[in-house]
Amino acid sequence: MNSIIDIIIKRRSIRHYKQEDIPKDLLLELVKAATWAPSASNMQAWYFIIVNDKKVLNKISSFSPGLLGNPPNVIVICSDRNKAFNKGGKLGRDELCLMDISMAAENLMLLATEKGLGTCAIKSFNGKAIQKILELPDYVSSELIISIGYPMKEVKPPKRKTVEEVSFENRWGERI
Amino acid sequence: MNEQDIMKIFSYIATSARGCIDEPKIYGSFRLVEIMSKLFWMLKSNNLIANNKLNRIIDKIDEKKYVCVKDEKKFIGLLDEVIDDLFELVD
(Lines give C-alpha, C1' and ligand atoms only; values in the text may rest on other atoms or scores of the structure.)
Protein backbone atom coordinates (compact mmCIF):
# COMPACT_ATOMS: atom_id res chain seq x y z
CA MET A 1 0.00 0.00 0.00
CA ASN A 2 1.24 3.45 -0.89
CA SER A 3 1.83 5.83 1.97
CA ILE A 4 0.32 9.30 1.79
CA ILE A 5 3.68 10.86 0.91
CA ASP A 6 4.08 8.44 -2.01
CA ILE A 7 0.68 9.49 -3.35
CA ILE A 8 1.46 13.18 -2.85
CA ILE A 9 4.70 12.85 -4.81
CA LYS A 10 3.11 10.67 -7.48
CA ARG A 11 0.33 13.16 -8.33
CA ARG A 12 0.94 15.01 -11.61
CA SER A 13 -1.15 17.44 -13.64
CA ILE A 14 -2.39 15.26 -16.49
CA ARG A 15 -3.17 16.73 -19.90
CA HIS A 16 -3.53 13.56 -22.02
CA TYR A 17 -6.37 11.19 -21.22
CA LYS A 18 -7.60 7.82 -22.45
CA GLN A 19 -11.19 7.87 -23.70
CA GLU A 20 -12.39 5.55 -20.98
CA ASP A 21 -15.34 6.54 -18.83
CA ILE A 22 -14.97 6.46 -15.09
CA PRO A 23 -17.69 4.66 -13.10
CA LYS A 24 -19.97 7.08 -11.29
CA ASP A 25 -19.34 5.30 -7.97
CA LEU A 26 -15.65 6.08 -8.29
CA LEU A 27 -16.38 9.73 -9.04
CA LEU A 28 -18.61 9.86 -5.96
CA GLU A 29 -15.77 8.40 -3.88
CA LEU A 30 -13.58 11.26 -5.07
CA VAL A 31 -16.24 13.77 -4.03
CA LYS A 32 -16.47 12.06 -0.64
CA ALA A 33 -12.71 12.55 -0.17
CA ALA A 34 -13.15 16.22 -1.07
CA THR A 35 -15.92 16.71 1.47
CA TRP A 36 -13.62 15.48 4.25
CA ALA A 37 -11.27 18.43 3.74
CA PRO A 38 -11.12 20.97 6.53
CA SER A 39 -13.18 24.11 6.13
CA ALA A 40 -13.27 27.37 8.06
CA SER A 41 -15.80 27.14 10.91
CA ASN A 42 -16.84 23.88 9.27
CA MET A 43 -18.74 25.99 6.74
CA GLN A 44 -18.46 23.46 3.88
CA ALA A 45 -19.57 26.13 1.44
CA TRP A 46 -18.88 23.94 -1.54
CA TYR A 47 -20.70 21.99 -4.22
CA PHE A 48 -19.32 19.42 -6.63
CA ILE A 49 -20.82 19.00 -10.06
CA ILE A 50 -19.87 15.75 -11.73
CA VAL A 51 -19.96 16.17 -15.50
CA ASN A 52 -20.19 12.97 -17.52
CA ASP A 53 -22.58 14.05 -20.28
CA LYS A 54 -20.43 14.47 -23.40
CA LYS A 55 -22.57 17.30 -24.72
CA VAL A 56 -22.18 19.29 -21.50
CA LEU A 57 -18.49 18.43 -21.39
CA ASN A 58 -17.98 19.67 -24.97
CA LYS A 59 -19.69 22.93 -24.20
CA ILE A 60 -17.62 23.43 -21.04
CA SER A 61 -14.51 22.66 -23.09
CA SER A 62 -15.36 25.36 -25.65
CA PHE A 63 -15.26 27.99 -22.90
CA SER A 64 -12.35 26.54 -20.90
CA PRO A 65 -9.00 27.07 -22.63
CA GLY A 66 -7.23 25.45 -19.70
CA LEU A 67 -9.13 22.20 -20.10
CA LEU A 68 -6.70 20.14 -22.13
CA GLY A 69 -6.32 16.53 -23.21
CA ASN A 70 -9.98 15.70 -23.78
CA PRO A 71 -10.82 14.25 -20.34
CA PRO A 72 -13.83 11.89 -20.18
CA ASN A 73 -15.07 13.55 -16.99
CA VAL A 74 -14.69 16.72 -15.02
CA ILE A 75 -15.83 17.76 -11.57
CA VAL A 76 -16.62 21.45 -11.24
CA ILE A 77 -16.06 22.65 -7.68
CA CYS A 78 -18.32 25.56 -6.78
CA SER A 79 -18.54 27.89 -3.83
CA ASP A 80 -21.68 29.04 -2.10
CA ARG A 81 -20.68 32.62 -1.27
CA ASN A 82 -23.91 33.30 0.66
CA LYS A 83 -23.30 30.38 2.96
CA ALA A 84 -19.66 31.40 3.36
CA PHE A 85 -20.70 34.95 4.28
CA ASN A 86 -23.37 33.85 6.71
CA LYS A 87 -20.92 31.61 8.52
CA GLY A 88 -17.61 33.39 8.04
CA GLY A 89 -18.42 37.01 7.26
CA LYS A 90 -16.49 38.94 4.60
CA LEU A 91 -13.31 36.96 5.22
CA GLY A 92 -15.24 33.72 4.85
CA ARG A 93 -16.88 34.83 1.61
CA ASP A 94 -13.83 36.42 -0.05
CA GLU A 95 -10.97 34.22 1.10
CA LEU A 96 -11.68 31.30 3.39
CA CYS A 97 -14.16 29.47 1.18
CA LEU A 98 -11.63 29.54 -1.67
CA MET A 99 -8.93 28.10 0.57
CA ASP A 100 -11.38 25.41 1.67
CA ILE A 101 -12.13 24.53 -1.94
CA SER A 102 -8.41 24.26 -2.68
CA MET A 103 -7.97 21.80 0.17
CA ALA A 104 -11.00 19.83 -0.98
CA ALA A 105 -9.58 19.72 -4.51
CA GLU A 106 -6.27 18.36 -3.26
CA ASN A 107 -8.05 15.59 -1.31
CA LEU A 108 -9.97 14.70 -4.46
CA MET A 109 -6.86 14.66 -6.63
CA LEU A 110 -4.85 12.59 -4.16
CA LEU A 111 -7.53 9.90 -3.93
CA ALA A 112 -7.76 9.94 -7.73
CA THR A 113 -4.00 9.35 -7.91
CA GLU A 114 -4.30 6.42 -5.53
CA LYS A 115 -7.03 4.96 -7.76
CA GLY A 116 -4.79 5.20 -10.84
CA LEU A 117 -6.59 8.24 -12.23
CA GLY A 118 -5.04 11.44 -13.52
CA THR A 119 -6.31 14.91 -12.72
CA CYS A 120 -5.59 18.53 -13.45
CA ALA A 121 -6.89 21.55 -11.54
CA ILE A 122 -8.04 24.23 -13.97
CA LYS A 123 -8.85 27.87 -13.40
CA SER A 124 -8.62 29.00 -17.05
CA PHE A 125 -12.30 29.02 -17.89
CA ASN A 126 -14.99 31.63 -18.35
CA GLY A 127 -17.03 31.72 -15.16
CA LYS A 128 -20.08 33.33 -16.76
CA ALA A 129 -20.25 30.67 -19.46
CA ILE A 130 -19.85 27.85 -16.92
CA GLN A 131 -22.57 29.48 -14.80
CA LYS A 132 -24.98 29.26 -17.73
CA ILE A 133 -23.96 25.79 -18.90
CA LEU A 134 -24.38 24.25 -15.44
CA GLU A 135 -27.42 26.39 -14.62
CA LEU A 136 -25.87 27.56 -11.37
CA PRO A 137 -27.91 29.87 -9.17
CA ASP A 138 -26.54 33.41 -8.69
CA TYR A 139 -25.06 32.74 -5.26
CA VAL A 140 -23.05 29.74 -6.49
CA SER A 141 -19.78 30.34 -8.40
CA SER A 142 -17.66 27.87 -10.30
CA GLU A 143 -14.17 28.03 -8.77
CA LEU A 144 -12.16 25.12 -10.11
CA ILE A 145 -12.58 22.50 -12.78
CA ILE A 146 -10.87 19.21 -12.07
CA SER A 147 -10.31 17.13 -15.20
CA ILE A 148 -10.33 13.41 -14.47
CA GLY A 149 -9.46 10.37 -16.50
CA TYR A 150 -7.02 7.55 -16.98
CA PRO A 151 -3.70 9.09 -18.02
CA MET A 152 -2.51 8.39 -21.54
CA LYS A 153 1.10 8.36 -20.39
CA GLU A 154 3.27 8.88 -17.37
CA VAL A 155 4.36 12.46 -16.81
CA LYS A 156 7.77 13.36 -15.46
CA PRO A 157 7.69 15.54 -12.36
CA PRO A 158 8.72 19.16 -12.86
CA LYS A 159 11.59 20.54 -10.81
CA ARG A 160 10.75 21.28 -7.21
CA LYS A 161 12.41 23.74 -4.90
CA THR A 162 14.16 21.98 -2.04
CA VAL A 163 12.81 22.11 1.50
CA GLU A 164 15.87 24.17 2.45
CA GLU A 165 15.11 26.74 -0.25
CA VAL A 166 11.59 27.40 0.98
CA SER A 167 11.91 26.95 4.75
CA PHE A 168 13.07 29.08 7.62
CA GLU A 169 13.30 28.29 11.28
CA ASN A 170 11.58 30.57 13.78
CA ARG A 171 12.07 33.74 11.76
CA TRP A 172 12.40 34.95 8.17
CA GLY A 173 15.89 34.45 6.78
CA GLU A 174 16.98 31.90 9.42
CA ARG A 175 17.88 28.93 7.25
CA ILE A 176 17.20 25.41 8.47
CA MET B 1 -16.28 20.62 -40.79
CA ASN B 2 -19.52 22.30 -39.87
CA GLU B 3 -20.75 25.53 -38.37
CA GLN B 4 -20.63 24.07 -34.86
CA ASP B 5 -16.92 23.27 -35.24
CA ILE B 6 -16.32 26.90 -36.13
CA MET B 7 -18.43 28.07 -33.17
CA LYS B 8 -16.28 25.97 -30.83
CA ILE B 9 -13.07 27.40 -32.22
CA PHE B 10 -14.41 30.95 -31.95
CA SER B 11 -15.58 30.32 -28.38
CA TYR B 12 -12.13 29.03 -27.50
CA ILE B 13 -10.46 32.09 -29.05
CA ALA B 14 -12.82 34.61 -27.42
CA THR B 15 -12.55 32.91 -24.01
CA SER B 16 -8.77 32.87 -24.35
CA ALA B 17 -8.76 36.56 -25.30
CA ARG B 18 -10.73 37.40 -22.15
CA GLY B 19 -8.61 35.07 -20.01
CA CYS B 20 -5.34 36.57 -21.24
CA ILE B 21 -6.19 39.90 -19.58
CA ASP B 22 -5.83 38.33 -16.13
CA GLU B 23 -3.73 35.24 -16.74
CA PRO B 24 0.06 34.83 -16.87
CA LYS B 25 1.49 36.43 -20.01
CA ILE B 26 2.92 33.18 -21.38
CA TYR B 27 -0.55 31.61 -21.46
CA GLY B 28 -1.34 33.91 -24.39
CA SER B 29 1.46 32.37 -26.45
CA PHE B 30 0.36 28.91 -25.40
CA ARG B 31 -3.24 29.54 -26.45
CA LEU B 32 -2.11 30.71 -29.88
CA VAL B 33 -0.13 27.54 -30.63
CA GLU B 34 -2.94 25.49 -29.12
CA ILE B 35 -5.39 27.04 -31.54
CA MET B 36 -2.99 26.23 -34.42
CA SER B 37 -3.15 22.61 -33.34
CA LYS B 38 -6.94 22.61 -32.91
CA LEU B 39 -7.46 24.17 -36.33
CA PHE B 40 -5.04 21.80 -38.02
CA TRP B 41 -6.67 18.66 -36.62
CA MET B 42 -10.11 19.98 -37.46
CA LEU B 43 -9.06 20.68 -41.06
CA LYS B 44 -7.25 17.36 -41.37
CA SER B 45 -10.15 15.28 -40.05
CA ASN B 46 -12.29 16.90 -42.74
CA ASN B 47 -9.71 16.23 -45.45
CA LEU B 48 -9.21 19.93 -46.00
CA ILE B 49 -5.46 19.83 -45.50
CA ALA B 50 -2.87 17.18 -46.29
CA ASN B 51 0.56 18.68 -45.85
CA ASN B 52 2.99 16.29 -44.18
CA LYS B 53 5.49 18.99 -43.32
CA LEU B 54 2.83 21.02 -41.56
CA ASN B 55 1.63 17.84 -39.87
CA ARG B 56 5.13 17.36 -38.45
CA ILE B 57 5.18 20.94 -37.17
CA ILE B 58 1.86 20.42 -35.40
CA ASP B 59 3.09 17.11 -33.98
CA LYS B 60 6.08 18.97 -32.61
CA ILE B 61 3.81 21.60 -31.02
CA ASP B 62 1.57 18.94 -29.48
CA GLU B 63 4.53 17.03 -28.13
CA LYS B 64 6.35 19.98 -26.60
CA LYS B 65 3.78 22.71 -25.87
CA TYR B 66 3.30 21.83 -22.18
CA VAL B 67 6.90 22.78 -21.50
CA CYS B 68 5.49 26.32 -21.27
CA VAL B 69 4.52 25.78 -17.62
CA LYS B 70 7.81 24.11 -16.72
CA ASP B 71 10.54 25.83 -18.68
CA GLU B 72 9.82 29.16 -20.35
CA LYS B 73 13.13 29.22 -22.25
CA LYS B 74 12.42 25.84 -23.85
CA PHE B 75 8.94 27.03 -24.80
CA ILE B 76 10.36 30.13 -26.46
CA GLY B 77 12.81 27.84 -28.29
CA LEU B 78 9.87 25.77 -29.52
CA LEU B 79 8.12 28.90 -30.84
CA ASP B 80 11.30 29.98 -32.65
CA GLU B 81 11.63 26.52 -34.20
CA VAL B 82 8.00 26.54 -35.34
CA ILE B 83 8.46 29.91 -36.99
CA ASP B 84 11.61 28.66 -38.79
CA ASP B 85 9.75 25.55 -39.93
CA LEU B 86 6.77 27.57 -41.16
CA PHE B 87 9.05 30.01 -42.97
CA GLU B 88 10.12 27.15 -45.24
CA LEU B 89 6.49 26.37 -46.09
CA VAL B 90 5.24 29.83 -46.91
CA ASP B 91 5.65 31.02 -50.53
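Some points to look at:
- Residue-averaged [θ]222 nm for chain A, counting only DSSP H segments that reach four residues, each worth -39500 (n - 2.57): -11000 deg cm²/dmol
- Most to least accessible of B:Ile61, B:Ile49 (protein chains only, probe 1.4 Å): B:Ile49, B:Ile61
- Under-5 Å amide H pairs with A:Asn73, H placed in peptide plane, nonlocal only: A:Ile148
- Anisotropy class of chain B from Cα gyration tensor, a/c 1.5 cut: oblate
- Counted charge near A:Tyr47, where neighbours are those whose Cβ lies closer than 11 Å (Asp, Glu -1; Lys, Arg +1): -1
- Global geometry of segment A:1-71, whether rounded, prolate or oblate, following the gyration tensor of its Cα atoms and the 1.5 cut on a/c: oblate
- Set A:Lys54/B:Lys25; B:Lys38/B:Lys60; A:Lys18/A:Lys59; A:Lys156/B:Lys73; A:Lys161/B:Lys70 screened for pairs whose C-alpha atoms are more than 22 Å apart: A:Lys54/B:Lys25
- Net charge, A:Ala37 excluded, C-beta distance under 9 Å - Lys, Arg +1, Asp, Glu -1: -2
- With DNA, RNA and ligands ignored, accessible area of A:Arg12 (1.4 Å probe; Å², nearest 10): 40 Å²
- Within the straight-line cut-off of under 18 Å between alpha carbons, the aspartates and glutamates reachable from A:Lys123 are A:Asp80, A:Asp94, A:Glu95, A:Asp100, A:Glu106, A:Glu143, B:Asp22, B:Glu23, B:Glu34, sequence neighbours fewer than 8 places apart in one chain being disregarded.
- Prolate/oblate/rounded call for segment A:1-121, Cα gyration tensor, a/c under 1.5 rounded: oblate
The values are calculated or read from the model by the stated rules, or taken from the named source; none is laboratory data. Given the structure is predicted, the values throughout are model-derived calculations rather than measurements. With ideal geometry, Cβ positions are generated from the backbone for all residues, glycine too; neighbour counts draw on all protein chains shown. With ligands, DNA and RNA removed, areas are computed over all heavy atoms of the protein, side chains included. Shrake-Rupley method; radii C 1.70, N 1.55, O 1.52, S 1.80 Å.
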